[in-house]
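Trainee: Next up is a structure, given as structure tokens.
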Amino acid sequence: MSKIVVIGSSNTDLIAKIKDFPKAGETIKGVSYFQAMGGKGANQALAAHRLDGDVKFITSLGKDTNGLSTLEYYKKEGLDASLSLLVDDTPSGVAMIWVDEKGENSIVIISGANEMLSSGYIHEIKKEILKADLIVLQMEIPYDTVKTVCDVAYEHNKRVLLNVAPARKLNAEIIKKTHILIVNETEAEIISGERIHEIGEQAMVDNLLALGAKSVVLTLGSKGCIMRNESEYHKIPAFNVKSIDSTGAGDTFCGALAAGLTEGRNWKDSLIFASAASAICVTRLGAQPSIPTADEVYDFLKKNN
Ligand code: RIB
């Protein structure tokens, strides 16, 4: 099986369930609170791992209680994070997450140690990174680090899957070095400078391809997703489930897609597999506690196809 290296953030998620989002200056009573492991990088790595991908996860944690218990937890999960940094004097990343009754969320991240995952470190462990067949990236580590990984991967003909979350404008060179660009509507609009409701979903995908990505996946929430590259086009509807919490659903989709493609599934089956995994994720609370196993996805697909 092909190897996946995920390079990205780790956070401890502090999750408050609320009825409605508070207005500025308002104090509200929450419904419930719990803490779980998160971070877009870690969620994607764990999703690919739980879904039978061969994954190495590279992240940066502080030498604090959160950081040490996170490493312990990865060990228990069987996720190889042995190349990760454990830094002094900087706290591990945290995310404050509010989830309302409709399952929508609002997230504030304090990056902490995630910011210490530097380009210098990428060069140091370059040999290990280049053992990957697919390198998975998101945007919760320094932009310069993402750029360095893309440069190194490009130089050595390695495929990069880039999920541009949280949304930001991208340097054209990064897009050209990306094999699989995964974006939601907001991310697509920020990268392209166009509005989906004005130009339409297909044109948006075409515009992103024209910027140089080899394959583009546009995720559309409850409307499913669209994928296009030089030779293939797929429009996959979303599974109809009741959403409890959408946190981590996009990450689960990316991790599952990486697992699907590296396990040798074709594009269509990988997209359906990823859609099923993220559908299961939204029916549960929290990011990593919600990521399904491969058996859960197969079971779901049997019942819902
Ligand atoms: O995508 C969800 C993730 O975003 C959460 O786990 C949180 O840590 C933030 O990184």
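Trainee: Scan segment 113-160 for residues that are hydroxyl-bearing (Ser, Thr, Tyr), surrounded by fewer than 17 Cβ atoms within 10 Å (Cβ to Cβ) and either within 27 Å of residue 65 (Cβ to Cβ) or modelled with pLDDT under 95 (or both) and jot them down.
Mentor: Result: 118, single match.
Trainee: For segment 243-270, how many residues are at pLDDT below 95 and not hydrophobic (A, V, I, L, M, F, W, C)?
Mentor: The qualifying residues number 3.
Trainee: One residue is enough: does segment 214-222 have a residue meeting the conditions in contact (Cβ under 8 Å) with a residue 60 or more places away in the chain and within 16 Å of the ligand (Cβ to nearest atom)?
Mentor: The answer is no, given that none of the residues of segment 214-222 is in contact (Cβ under 8 Å) with a residue 60 or more places away in the chain and within 16 Å of the ligand (Cβ to nearest atom).
Trainee: While we're on this one: Could you list, ordered by first residue, the pairs with Cβ atoms under 6 Å in which the first is in segment 266-288 and without any contact (Cβ under 8 Å) to a residue 24 or more places away in the chain and the second is among the aliphatic types (A, V, I, L, M) and more than 16 Å from the ligand (Cβ to nearest atom), at least 6 apart or interchain?
Mentor: If the second residue must be among the aliphatic types (A, V, I, L, M) and more than 16 Å from the ligand (Cβ to nearest atom), the pairs left are 270/261.
Trainee: Same structure, new question: Give the residue that is farthest from the ligand (Cβ to nearest atom), with candidates limited to residues of segment 61-93 that are part of a strand (DSSP E or B) and touching a Phe, Trp or Tyr at 6+ places or on another chain (Cβ under 8 Å).
Mentor: Among those that are part of a strand (DSSP E or B) and touching a Phe, Trp or Tyr at 6+ places or on another chain (Cβ under 8 Å), it is 80.
Trainee: Scan segment 191-220 residue by residue and report those that are crowded, with 16+ Cβ neighbours inside 10 Å and of a type in the set (A, V, I, L, M, F, W, C).
Mentor: Matches in segment 191-220: 191, 196, 204, 205, 208, 209, 211, 213, 216, 217, 218, 220.
Trainee: Also, quick follow-up: Give me the residue from segment 38-52 that is more than 9 Å from the ligand (Cβ to nearest atom) and touching a Ser or Thr at 6+ places or on another chain (Cβ under 6 Å) and, out of that set, farthest from residue 85 (Cα to Cα).
Mentor: Here the answer is 50.
Trainee: Among the residues that make up segment 56-65, is at least one of them surrounded by 19 or more Cβ atoms within 10 Å (Cβ to Cβ), modelled with pLDDT of 95 or more and of a type in the set (A, V, I, L, M)?
Mentor: yes
Trainee: Give the residue, chosen from 259, 238, 249, 277, that is touching a Gly at 6+ places or on another chain (Cβ under 6 Å) and under 15 Å from residue 44 (Cβ atoms).
Mentor: Of the residues listed, the single one that is touching a Gly at 6+ places or on another chain (Cβ under 6 Å) and under 15 Å from residue 44 (Cβ atoms) is 259.
Trainee: If I filter segment 21-33 for residues that are touching a Phe, Trp or Tyr at 6+ places or on another chain (Cβ under 7 Å) and either farther than 18 Å from residue 252 by Cβ or within 10 Å of the ligand (Cβ to nearest atom) (or both), do I get at least one hit?
Mentor: yes
Trainee: Report those helices (runs of 4 or more DSSP H) wholly inside segment 132-239 carrying at least 3 residues which are of a type outside the set (S, T, N, Q) and more than 25 Å from residue 59 (Cα to Cα).
Mentor: In segment 132-239, the matching helices (runs of 4 or more DSSP H) lie at 185-192, 196-199, 201-210.
Trainee: Could you grab me the full set of residues in segment 264-290 that are under 17 Å from residue 215 (Cβ atoms) and either surrounded by fewer than 24 Cβ atoms within 10 Å (Cβ to Cβ) or away from the ligand (no atom under 16 Å from the Cβ) (or both)?
Mentor: 264, 265, 266, 267, 268, 269, 270, 271, 272, 273, 275
The values are calculated or read from the model by the stated rules, or taken from the named source; none is laboratory data. This is a predicted model, so every value here is computed, not measured. Here the Cβ is made from the backbone with ideal geometry for all residues, glycine too, and neighbour counts use every protein chain on show.
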